[in-house]
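The structure appears right after this line, and notes come after that.
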Amino acid sequence: MLDERIIQLQKAVEQPCPECNGEEYIIKDNRAIPCECRHQKKLLKSFKSAEIPPKYEHVTIENFKEINSTCAKLKTMAKRYAENFTPGCTGFLFKGKTGSGKTHLAVSILKELIFKGYSGLYTNTVDLLQFIRSVQFNAWKYDELTEMMDHILQQDLLVLDDLGAEKVTDWTRERLYSLINKLYENNKTIIVTSNIDLHELSLRLGDHTVSRLCEMCMHDTKFPDKDYRRVFLRHFL
Ligand SMILES: [Zn+2]
């Protein structure tokens with residue numbers, strides 16, 4: 001169950017392009033101009049490099065179900081946000097229980113922006129910290145840490161999923177502060193999802209990190225408690 005637009009893109013780039021015979025440029029008025037297939041290939045590459053997990057490949061703003069008035073408002077807000085996005089603009093901190101639709105909406109905004117030509121990356125907080133841990137203390141792999149950070153800082157949007165799910169230690173607190181502060185200093189846009197409220201996040205991550213997040217994100221977005229995943233499946237399947 002994939003996003004139909006991505007299926008169409010995949011089909012388009014798999015077939016030899018009749019317009020340019022695979023050259024990616026066409027000649028018009030004695031000038032070489034990029035063929036539409038070049039744009040499609042670039043888009044598909046952006047989707048692949050966004051690292052959206054297969055579980056969320058089908059999600060779109062359109063298929064975010066309006067199971068109640070709060071979800072309807074969230075859907076409208078996401079549409080407007082994607083329409084008016086500019087790199088460096090304020091992001092979101094989506095709060096709500098597991099299964100409330102936070103990741104669905106965060107990923108669908110990311111996908112919408114990629115369709116508009118922006119770059120973006122999905123990352124799960126626990127996975128990101130595990131990766132950092134695996135390379136940070138390994139002299140042979142330390143360059144990968146710099147490369148990863150450079151890669152993150154090149155994106156127009158970062159989705160940081162499930163903040164607060166990590167085991168809290170001094171090390172995770174420091175790493176998360178360092179990451180979020182780097183994004184803050186570089187004027188980056190992030191959409192963060194979390195199962196826990198701001199007070200609890202402050203206790204776990206520290207005030208410095210959470211105050212940075214609050215400056216970078218609209219943080220009054222609370223998802224309804226109802227299990228969105230179950231209702232979504234009932235509507236969708
Ligand atoms: Zn072409």
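Quick look at the numbers
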read-out: Amide H contacts under 5 Å for residue 206, placed H, 5+ residues apart; value: none
read-out: Of 223, 157, 189, farthest towards positive along the dipole that unit charges on Lys, Arg, Asp, Glu beta carbons give the chain; value: 223
read-out: Residues with amide H under 5 Å from that of residue 25, placed H, sequence gap 5 or more; value: 35
read-out: Extension gain, residue 225 back to residue 115 (0.36 nm per residue minus Cα-Cα distance, nm); value: 36.6 nm
read-out: Pair residue 182, residue 69: separation of 7 Å Cα→Cβ label points (nm); value: 4.4
read-out: Protection-proxy order for peptides 134-140, 54-60, 94-100, 174-180, each taking the mean of Cβ atoms within 10 Å per residue, highest first; value: 94-100, 174-180, 54-60, 134-140
read-out: For the chain, built as a Gaussian network whose Cα springs stay under 10 Å, the top-fluctuating residue of 120, 164, 91; value: 164
read-out: Length gained when the stretch residue 215-residue 30 is fully extended (0.36 nm per residue, less Cα-Cα span); value: 61.5 nm
read-out: Tensor-based shape of the range 1-129 (alpha-carbon gyration tensor, a/c under 1.5 rounded, otherwise prolate or oblate); value: prolate
read-out: Computed FRET value (nearest 0.05) for residue 12 with residue 86, which takes r as the C-beta separation and R₀ as 25 Å; value: 0.35
read-out: Cα long-axis angle, helix 142-153 against the chain (0 to 90 degrees, to the nearest 10); value: 70
read-out: Phi-based couplings in Hz for the range 197-211 (Karplus 6.51, -1.76, 1.60; Gly and Pro marked x); value: 7, 4, 4, 5, 4, 4, 5, 7, 9, x, 5, 4, 5, 6, 5
read-out: Using alpha-carbon coordinates, inclination of helix 4-14 to the longest axis of the chain, degrees; value: 50
read-out: Contact order normalised by residue count of the range 80-145, Cα under 8 Å, 6+ apart, percent; value: 20
read-out: Whether the range 108-169 is rounded, prolate or oblate, judged on the alpha carbon gyration tensor where a/c under 1.5 counts as rounded; value: oblate
read-out: The range 1-49, relative contact order in percent, only Cα pairs under 8 angstrom and at least six apart counted; value: 34
read-out: Residue-by-residue Karplus 3J(HN,Hα) for the range 159-169, coefficients 6.51, -1.76, 1.60, Hz, glycine and proline x; value: 9, 10, 8, 6, 5, x, 7, 6, 6, 7, 9
read-out: Accessible-area composition of the chain, carbon plus sulfur, in percent [1.4 Å probe]; value: 49
read-out: Over the chain, relative contact order from alpha-carbon pairs under 8 Å, at least 6 apart, %; value: 25
read-out: Distant-in-sequence amide H partners of residue 159 (H built 1.01 Å from N, under 5 Å); value: 121, 122, 123, 191
read-out: Nearest 10 degrees, 0 to 90: helix 170-185 Cα axis against the chain principal axis; value: 50
read-out: Sum of -39500 (n - 2.57) over DSSP H runs of 4+, divided by residues of the chain (222 nm, nearest 500); value: -16000 deg cm²/dmol
read-out: Net lengthening on full extension, residue 5/residue 144 (0.36 nm per residue, minus Cα-Cα); value: 46.8 nm
read-out: Residue-wise HN-Hα coupling along the range 79-96, computed from phi with Karplus coefficients 6.51, -1.76, 1.60 (Hz; x: Gly, Pro); value: 4, 4, 4, 5, 5, 9, 4, 9, x, x, 6, 4, x, 10, 10, 8, 10, x
read-out: Accessible area in square angstrom per residue, the chain, 1.4 angstrom probe; value: 55
read-out: Test item: Cα-centred dipole of the chain, Lys/Arg +1 and Asp/Glu -1 on Cβ, debye; value: 600
read-out: Overall form of the chain per C-alpha gyration tensor (a/c, 1.5; a/b vs b/c); value: oblate
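The values are calculated or read from the model by the stated rules, or taken from the named source; none is laboratory data. All figures in this text were calculated on a predicted structure; none of them were measured in a lab. For neighbour counting, all protein chains shown are included, and Cβ atoms are generated from backbone atoms with ideal geometry for every residue, glycine included. We work out accessible area using only protein heavy atoms, side chains counted, and drop any ligands, DNA or RNA first. Shrake-Rupley method; radii C 1.70, N 1.55, O 1.52, S 1.80 Å.
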